[in-house]
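The values are calculated or read from the model by the stated rules, or taken from the named source; none is laboratory data. Keep in mind that this is a model prediction, so the values were computed, not measured. Positions of Cβ are backbone-derived with ideal geometry, glycine not excepted, and every protein chain shown enters the neighbour counts. To get the accessible areas, we keep the full protein, side chains included, count just its heavy atoms, and leave off ligands, DNA and RNA. Shrake-Rupley method; radii C 1.70, N 1.55, O 1.52, S 1.80 Å.
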Amino acid sequence: MVDPGLVVGGHQLKSRLIVGTGRYDSMPQMRDSLLASGSDCVTVAVRRERLYDRMGQNILDFLDLDRYILLPNTAGCYTAKDAIRAAKLGREILRSLDNAGADWVKLEVLGDSKTLLPDPSETLAACEELTKEGFKVLCYTSDCPVTAQRLKAVGAASVMPAGSPIGSGQGLLNPNNLQIILEYLKEDDPDYPVIIDAGVGTASDVSEAFELGADGVLLNTAIAHARDPIRMARAMKHASIAGRDAYLAGRIPRRLYGTASSPEEGVISTRPYGSAPLTGQ
């Protein structure tokens, strides 16, 4: 009954929840929220200016590198060239820290600054090049099944379709497309990891993602901007466990009419389906 956890990019993670480190009010709040989430993998923007907050504190001083595998990301990049450069920078930083996350990257190549939707062609180009250079690429993309298939074909270690735009909190806007992506990517490769990334607003969104069959969920803003981030982080932890268990257990089919859960043997009387109650004397 114990979930073996998530295997992605050659890493074994006990928790299926991957949590971001940005947008918290303070570094101590971030540290405590990450701990409450139960995650053992956190994603960090690796451009040099993002390693320090507005007070000059280094984010790495608030992360237990013995506890967490760091997943460097290319957040804020709009071209394949910039994303590749950021990925290489992240690899060098994590190698210097002797952290296991040095060999992988969460790839983001945005196409629009307002919606923060990914640029499909630049993302595909960056994914292909980084894979050739030995990176295990976890690739943020839209909920387009065709793009998801192409990213897997060029070597993405995990395809990470968005539930909704980054930071929007809208939840899973198109679960049908997410199910199609899961079906296509796992058809001949059932262990291929598909991780829902972006748009989560609350714990029920996390449960829904896992109930669809997702292997993992990556989120940030839903915790960092909650009224009580630490409590929300704990809620996300329990939601991920509940959602995954529900998926593995298998939900009952939806039915138009009710089905009695108690046995009908021995009841005083029954009424056939569709019949009307008796009237008269």
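Some observations on this one:
- Inter-residue pairs, beta-carbon under 9 Å, first polar (S, T, N, Q) and in the range 82-108, second part of a strand (DSSP E or B) and open to solvent by 10 Å² or more (accessible area, probe 1.4 Å), 6+ apart: ASN99/ILE69
- The range 195-219 residues that are at positive phi, paired with ones that are part of a helix (DSSP H, G or I) (beta carbon under 6 Å, 6 or more apart): GLY213/LEU182; GLY213/TYR247
- GLY199 falls short on exactly one of the conditions (1) part of a loop (DSSP other than H, G, I, E, B); (2) over 21 Å from LEU117 (Cβ atoms); (3) open to solvent by less than 80 Å² (accessible area, probe 1.4 Å), and that condition is (2).
- Of all residues in the range 65-84, those being within 18 Å of SER33 (Cα to Cα), modelled with pLDDT of 90 or more and open to solvent by 10 Å² or more (accessible area, probe 1.4 Å) number 3.
- Yes/no for ALA222 being free of Cβ contacts under 8 Å to residues at least 60 places away in the same chain, out of contact with any Asp or Glu (no Cβ under 6 Å at 6 or more places or on another chain), assigned to a loop (DSSP other than H, G, I, E, B) and buried (at least 18 other Cβ atoms within 10 Å of the Cβ): no
- Residues of the range 111-144 satisfying the condition of being under 18 Å from the mean Cα position of the chain (by Cα) and either at pLDDT below 95 or open to solvent by 10 Å² or more (accessible area, probe 1.4 Å) (or both): LEU116, LEU117, PRO118, LYS136, SER142, ASP143, CYS144
- Residue count, the range 85-100 (criterion: buried (at least 24 other Cβ atoms within 10 Å of the Cβ) and closer than 18 Å to SER158 by Cα): 1
- Residue tally, condition surrounded by fewer than 22 Cβ atoms within 10 Å (Cβ to Cβ), among the charged types (D, E, K, R) and within 17 Å of ASP191 (Cα to Cα), over the range 1-25: 2
- In the set (1) modelled with pLDDT under 95; (2) open to solvent by 40 Å² or more (accessible area, probe 1.4 Å); (3) not in a helix (DSSP H, G or I), ARG227 fails one condition alone, (1).
- Counting only helices (runs of 4 or more DSSP H) that sit completely within the range 82-191, those holding 2 or more residues that are among the hydrophobic types (A, V, I, L, M, F, W, C) and farther than 18 Å from GLY216 by Cα correspond to 120-132, 145-153.
- Residue in the range 230-253 that is farther than 30 Å from GLN12 by Cα, at pLDDT 95 or above, open to solvent by 60 Å² or more (accessible area, probe 1.4 Å) and not hydroxyl-bearing (Ser, Thr, Tyr) present: no
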